Amino acid sequence: MKLAGLKTVESAHDESIWAAAWVPATDERPALLMTGSLDETVRLWRPDELAPAGPPSRGHALGVISVAAHPAGTVAASASLDSFIRVFDVDSNASIATLEAPPSEVWNMQFDPKGTVLAVAGGGSASVKLWDTSTWQLIANLAVPRPEGARPDRTGSGKFVLSVAWSPDGKRLACGSMDGTIAVFDVARAKFLHHLEGHSGPVRSLVFSPVDPRVLFTACDDTHVRIYDTDGKSMVGAMSDHVSWVLSVDASPDGAAIVTGSSDKTVRLWDLSMRAAVQTMTNHSAQVWGVAFRPPGGTGVRAVRLASVSDDKSISLYDYS
Amino acid sequence: MAGCIYIPVQNSEEEVKVPLDSLPQDANDILDILKAEQAPLDLWLIIAREYFKQNKVEQFRQVLQEGSSPEIDEYYADVKYERIAILNALGAYYTYLGKMETNKSKKDEHFILATQCYNRASRIDVHEPSTWIGKGQLCVAKGELQNAASAFQIVLGDDPNNVPALLGQACVDFNTAENEEQYKKAMDLYKSSLELYKRALLANPNCPAAVRLGVGLCRYRLGQFEKARQAFERVLQANPENVEALVALGIMDLQTNEDHGVRGGMEDMRRAFEIHPYCSMALNHLANHYFFTGQHFLVEQLTEAALAATNHGLMKSHSYYNLARSYHSKGDFEKAARYYMASVKEIKKPQDFILPYYGLGQVQLKLGDFRSSLSSFEKVLEVQPENCESLKAVGHIYAQLGQHDKAIETFRKATRIDPKDAEAFVELGELQISSDAGAALDAFKTARNLLSKRGEEVPIQLLNNIGVLYFEKGDFQLAEQTFKEALGEGIWLSVLDGRIGSSKVDCSAYSVQYRDFSLFQQLEAEGTSLDLPWDNVTTLYNLARLLEQLQETGKASILYHLILFKYPDYVDAYLRLAAMAKSRNDIQLGIQLIGDALKVDDKYPNALSMLGTLELLNDDWVKAKDTFRAAKDATDGKDSYSLLSLANWNYFAALRSEKRGPKLEATHLEKAKELYTKVLMLHPGNLYAANGAGIVLAEKGHFDVAKDIFTQVQEAASGSVFVQMPDVWVNLAHVYFAQGHFALAVKMYQNCLRKFYHDTDTQILLYLARTYYEAEQWQDCKKTLLRAIHLAPWNYTLRFDAGVAMQKFSASTLQKTKRTADEVRSTVTELKNAVRVFSQLSAASSYHSHGFDEKKIETHVEYCKHLLDAAKVHCEAAEREEQQNRQRLEVARQVSLAEEARRKAEEQRKIQLERRKQEDELKQLMQQERNFERIKEQWKNSSNIASNKRKERSHGEQDEEGGHGERRRRKGTKRRKKDKKTKAQYEEEEADMDDEPEEVDEDASMNDHEDAAEKAQDHLLAAGLEDSDAEDDMGEPSSTINRKRRAWSESDDDDVPLDKLPESSPSGYKENSAESDEEMRGNKVRRNAVDEEEDDE
């Protein structure tokens, strides 16, 4: 189990890169890497040489904070600090819709595995918004309740939802909050199930294991990575090696490893069987805001690729084996 | 030898029979006889010797003195040998006296007398060997070995087998060897001495046993112990009562260090003691033995006997030493010290007998007399520079005296000499904890390895220390392992692997019942053992601290509770629980927990300080102040932490927004400064106090002084691994900012962010943004704020600030005198963004109380919208302008085109003119030609005229050509001029285009803007904001002092109530010092280990 650096593109954007996601391959083209940056652009990159796959698409204000790709690979969404979501056609870059649900802001977002729903972390509105991907209408608002006994703190913001993740079977939705709790929803019934506790800082990123729909990995500002059993609502394990905030996490397609990016400028590879960091990549010179494994599929694609993006404006591509 | 001698009566055959065993008490009786009968001198000698044997020294001396008197010399002038013998005997006697005498002057007297005797003997016969031998022995007694040797050599030159000379020489060699410092030379001398003894034995196989003693001693010195033993045994065979041999054998036996050997040795000693109870050597050794067997009474008796028996300094010293040791081990240090002193006093050279110095040092150390102890140990080290025990003792003393560097140096040496001494490594480690944690850790690890190699149990204190050091280094896993190893088996293991706690009580549920011990009661009821030995508490506490660090707060809290369950007085556990509550923002619980802690000890300064901090967080200003005061009083004002807390309180109080009054502010600041200074006086190295003093100075506007202080603190802080003081960087940056060095401030903030926060601290990003704002780098400002929002999405203040920054940017762009349409357009976008941000904020306020006045946001929105309107006008204007520009350019182009066309036409015309002219000329020419033809016809008439005509013609042609060329040239220049003129014209025109309409437009736009500003002003006034021009509330009144203060107050941006924003430096300080306080406590705890350090050899 190891990562081998393949390529790094310096100054891929004009400013810090904050978001990265792979657009799955279609019949016409291979998978593309999609990145969003403080420079208010979203850019697409060819998978191997990391050459720009098109001109940067503009239209956002105040910095792109999140990007998400439809599982079919044709549609993608990008969100910026001004709380607008732009839905666009990947190949033509034509806008399909602009979503907003004031006064809710927009943070992390993810399409469900079937591609029918887009889940968006609603920040201070303490909710997750679900958008129908055919009509682009708001279909549900999953509110995160306060855990029992929690005291309202002085700012009054009990829950601030930062991150969302769909379970691979599409039945569960987990969302991470600023206070370190993770809320789990039953999507079909639009029902809140329970909180997962343990983290003591904002949970900025979470991802379900691609092989086990119960297992959730979380990345938190408290420098730890935790593994939860979402149904048993218990913590399975915790791993810590980062020396600063863990900003992003992604699970390898084989489910044997996860990769995290941190504000300590490193990318770490964790062996889940050993519950320990087995490799540390130090090629970035600033916070690593995003890590993403390329989804399997596409013609003639065997190798598993990982991309990481950083405040240092660079994109790095690795081979995972 | 008992018998009689017969003194022949003079002039007769009779003899006077004198029984030797009943010599008269008064020597005069016999002397009278001897003198009267003129007895042969050998009889005199025999009688003297007999007296000597009978220990009647006085009589002996009398006889010999009479026998060597001048009358005798005269009378027996021809009897040489006997006279010499008498003199020699007398000489030997004085030599003996001199040897035994301890009084220096008397000693010398005796030696002088002896010398006189020998000299007289020599005068009688220079060659008499016995005289020389006597002289040699005298020299030996006087210690002049060289002279002695030459005396013996003279004898041996005549008779190589002279036994006494051989023995004398052997003795000289042996003694020289004893004094010889060079090992090899000494060995050679021992060998030659041995050789001499052997020769003596060969020459006289029946010589006394003492000779064999010499052989034995030589062999002993040469390391041939078996042969030495044989020699001693032969001595004993010959003379079973020879004490020296017995003692020597005894010593050898004792040195074997084996049970039966020691026993045999003691047997020998006891026999020697029985034979001759006054042999102090034997007494000392016996005492030594009984010391080790613990029979102190015997020791004292024996040593007292030995003291009485000897005058020899070294022996006495040994005896005193034994006595001192005995008292030492009984714990009577005063007496022990006295006897050690006595022992030391008897020693002339420390290298003869060093042990009493060592003992003295130990006792002095025990009695707390470090300086004397140090000098005693240093004496030991002079003799034995590699003595580990002494090195350790010296190191320990240095540590006690506070000379850490020397102490460390000494221990390093000790560990170098004996790399297996675990205790030395432990001490070394403890000394290095504060200065060099890495080295300390290494030392501790070595000690642990040594101990476990030796199969000894590693003390929990040592493991605890190792764990703490790993902890501090950030090696949490190793730390956890070490703590676990230190703690061994126990309930905590089940807590650690989650069997207790997580299964029974949900983490969240548990955290609610913070003061609940039911878990343990339940466990005890179930029969689980909750044993927690007192030794383990410290380590368990440290483990809990580690878990806290690892964010395993649930487990940590269980462990703290366990400690409290077993030891409800362990205040620190309450404090940690309170700190945990504090970090969860549960201030009420924290205060309750501190209350519990204070029930245990209501004067515990740490608890009081923490309570104060919590009360401060709770906005309970008055209470906090009282608490800090109480903390200060509890420590008599000696505790810098409570003093600093109070100082900080004053500082905060000075800057409180709601009750801000210049007078109050000044007094508070003054008080804060006073307290900071006080702390600095107590601890000149207290960085936090220095930092605080710097802040106060800066607050008062003494930026340069403050800068100096901060710079120094920064340097000091970066020199230490343990102190992390980002605040001072921030403060330094603040000062740069206040002084208007924006670039430097930016650098400083950025460095601080990178160095300490992994670029994640939004507060500092906010400072950075503010600096950019002040430096009017709007885009940087905006980007910085956006980054901050990205890092702290829940901080709506940042959004507000971002909005303000954009608004300000737009306003300033619109105010610029020159701007492009692009600029204006981006301004419009920015304004739209600002409006969006503000309206989002106002919308968000429906479910968030983020502390903004709704109305104010409204105002901002209004103002932005207004600006937007204005901007639209501007935009249109700019666009129109641009359009006009374009049109004008177009016109200009057309004009120039027309011009060109005109010029071309002109040229054309000219060319035509030219052509016409040429044609005319041609016509003329042809005309002339024709005329000429005509005239030619006439010329044919006369040739004279003809030549003349030709001349004229050629002239005419020339003229034609020249004129034409010139005209052409002139035309060329004219054209150039024309060109120039057009160009200039163009330029002018362009300039005109630039200028004229601009002016007009400018006015218009100014009007526009003023209008806009006025309107905006109205809005602002409506909101109660009194700002001149579009500066708005982010830009302060232009008075620099005010601005500086504002900058300083860190409260930063906007009118957001000051207390809403955490104040960076002092609060940061609090955290830090709280931590350092804990570290201090950790150290205190660690000192536990340093208790067992008194030991014997």
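Classify region B:309-420 from the C-alpha gyration tensor, please: rounded if a/c falls under 1.5, else prolate or oblate depending on whether a/b exceeds b/c. Can you show the working numbers first?
Numbers: a/c = 2.41, a/b = 1.66, b/c = 1.46.
Prolate, since a/c reaches 1.5 and a/b exceeds b/c.
Within region B:702-794, report the chymotrypsin sites (Phe, Trp or Tyr not before Pro) that DSSP leaves as loop and that have at most 13 other Cβ atoms within 10 Å. Don't skip to the end; give the middle numbers.
Details: sites: B:703, B:710, B:722, B:729, B:736, B:737, B:742, B:749, B:756, B:757, B:767, B:772, B:773, B:778, B:794; in loops: B:722, B:794.
Taking region B:702-794 and a limit of 13 other Cβ atoms within 10 Å, the loop chymotrypsin sites (Phe, Trp or Tyr not before Pro) found are B:722.
Mind checking the log10 I(q)/I(0) for region B:615-719 at q = 0.15, 0.19 Å⁻¹? Debye, one equal scatterer per Cα, no solvent, two decimals.
-0.63, -0.96
Using a 1.4 Å probe on the protein chains only, how many percent of the accessible area of chain A belongs to carbon and sulfur? Numbers along the way, then the final one.
Numbers: 5540 of 11250 Å².
About 49 percent, which is the carbon plus sulfur part of the accessible surface.
Grab the beta carbon distance between residue A:319 and residue B:435, set R0 = 60 Å, and tell me the FRET efficiency rounded to 0.05.
Values: r = 47 Å, r/R0 = 0.78.
My answer for the efficiency is 0.80.
By its C-alpha gyration tensor, with a ≥ b ≥ c as the square roots of the eigenvalues, how is region B:1-69 shaped: rounded for a/c under 1.5, else prolate for a/b larger than b/c, else oblate?
Oblate.
Determine the gain in length on full extension of the stretch residue B:298-residue B:106; use 0.36 nm per residue of separation and subtract their C-alpha separation, reporting nm with one decimal.
Numbers: separation 192, 0.36 × 192 = 69.12 nm, distance 3.62 nm.
In short, 65.5 nm is gained.
Dipole of region B:1-136 (Lys/Arg Cβ +1, Asp/Glu Cβ -1, origin at the Cα centre): which of B:38, B:111, B:87 lies farthest to the positive side?
Going by the charge dipole, the pick is B:111.
Expressed as a whole number of Å, what is the distance separating the alpha-carbon centroids of region A:18-64 and region B:151-184?
Each part's Cα centre sits 105 Å from the other's.
How far apart, in nm, are two points set 7 Å out from the Cα along the Cα-to-Cβ line at residue B:619 and at residue B:530?
Here the answer is 4.0 nm between the modelled labels.
Mind checking the full-extension length gain between residue B:204 and residue B:29? Use 0.36 nm per residue of separation minus the Cα-Cα distance, one decimal, nm.
Stretched fully, the residue B:204-residue B:29 segment lengthens by 59.2 nm.
Could you calculate the FRET efficiency of residue B:332 with residue B:53 from 1/(1 + (r/R0)^6), where r is the beta carbon distance between them and R0 is 60 Å, rounded to 0.05?
0.80
Any idea how far apart residue B:779 and residue B:187 come out in nm if each label point goes 7 Å out from Cα toward Cβ?
For residue B:779 paired with residue B:187, the spin-label model returns 8.8 nm.
Where a ≥ b ≥ c are the square roots of the eigenvalues of the C-alpha gyration tensor, would you call region B:65-166 rounded, which needs a/c under 1.5, or, failing that, prolate if a/b is larger than b/c, or oblate?
Values: a/c = 2.48, a/b = 1.09, b/c = 2.28.
Taking the square roots of the gyration eigenvalues as a ≥ b ≥ c, region B:65-166 is oblate.
Compute the FRET efficiency between residue B:77 and residue B:21 as 1/(1 + (r/R0)^6), taking r as their Cβ-Cβ distance and R0 = 30 Å, and round to the nearest 0.05.
E(calc), rounded to 0.05, equals 0.35.
Summed for both chains, how many Å² of accessible area, to the nearest 100, are buried between A and B with a 1.4 Å probe?
Using a 1.4 Å probe, the pair buries roughly 3500 Å².
How far apart, in nm, are the 7 Å Cα→Cβ label points at residue B:494 and residue B:843?
Between residue B:494 and residue B:843, the simple spin-label model gives 5.5 nm.
Pop out the carbon and sulfur fraction of the accessible area of region B:636-786 as a percent, whole number, probe 1.4 Å.
Carbon and sulfur atoms account for 54 percent of the accessible area of region B:636-786.
Give the separation of the Cα centroids, region B:42-68 to region B:730-760, in Å.
Their Cα centres are 107 Å away from one another.
If you find the alpha carbon centre of region B:380-443 and of region B:101-129, how far apart are they in angstrom?
First find each Cα centre; the distance between them is then 57 Å.
Number of Lys pairs in chain A with C-alpha atoms less than 20 angstrom apart, excluding same-chain neighbours closer than eight positions?
Count of close lysine pairs: 15.
In region B:591-671, what GluC sites (Glu not before Pro) fall in a loop by DSSP, with at most 14 other Cβ atoms inside 10 Å?
Taking region B:591-671 and a limit of 14 other Cβ atoms within 10 Å, the loop GluC sites (Glu not before Pro) found are B:658.
The values are calculated or read from the model by the stated rules, or taken from the named source; none is laboratory data. Quantities reported herein were computed from a predicted structural model and do not represent experimental measurements. Backbone-built Cβ (ideal geometry, glycine too); neighbour counts: all protein chains shown. Note: accessible area is taken over every heavy atom of the protein model, side chains too, but ligands, DNA and RNA are not part of it. Shrake-Rupley method; radii C 1.70, N 1.55, O 1.52, S 1.80 Å.
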